[in-house]
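The values are calculated or read from the model by the stated rules, or taken from the named source; none is laboratory data. The structure presented is a predicted model; accordingly, all values stated were derived computationally and were not measured. All Cβ positions, glycine included, derive from the backbone under ideal geometry; neighbour counts span all protein chains shown. Ligands, DNA and RNA are stripped out before the accessible areas are found, and what is left, the full protein with its side chains, is counted by its heavy atoms. Shrake-Rupley method; radii C 1.70, N 1.55, O 1.52, S 1.80 Å.
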Amino acid sequence: SMYFRLNTLRLCKNLLRPVESRKLHEQSDRMGDMVTYRYYVGRLHMFEDNYEAAEHNLEFALRHCHVQAVRHKHNILKYLLPVKLLRGKLPTNKLLEKYGLD
């Protein structure tokens, strides 16, 4: 998250390579860790214009986010919805209203 705050996204790749090569991102026992990881990877893909991978990761984060974590879902949707729009998929009004995004 620090790289996103500092706007140094190019440095994120340096961290992802060892994590993904050793498959550490698949070994987490805690779903919350996986949701956070996939959220940031999705955001990174979005900023790299890799919208298919961004959508895949952000959808995973949204689907597996804790049911009571409404603020987290809202944050995920802030990035997922524009990606879906760029890919020609419109959100439902119900979804927008549910998370105050209308």
Looking at 17, 63, which one is of a type outside the set (Val, Ile, Thr), open to solvent by 100 Å² or more (accessible area, probe 1.4 Å) and at pLDDT below 85?
17
Scope region 31-56; condition surrounded by 22 or more Cβ atoms within 10 Å (Cβ to Cβ) and either within 18 Å of residue 90 (Cα to Cα) or out of contact with any helix residue (DSSP H, G or I) (no Cβ under 7 Å at 6 or more places or on another chain) (or both); matching residues
54
Does any residue in region 22-51 that is hydroxyl-bearing (Ser, Thr, Tyr) come within less than 8 Å, Cβ to Cβ, of a residue that is part of a loop (DSSP other than H, G, I, E, B) and at pLDDT 85 or above six or more places away or on a different chain, and which pairs are these?
51/87
Based on what the data block shows, is residue 98 more than 14 Å from residue 32 (Cα to Cα), basic (Lys, Arg), over 16 Å from the mean Cα position of the chain (by Cα) and surrounded by 13 or more Cβ atoms within 10 Å (Cβ to Cβ)?
yes
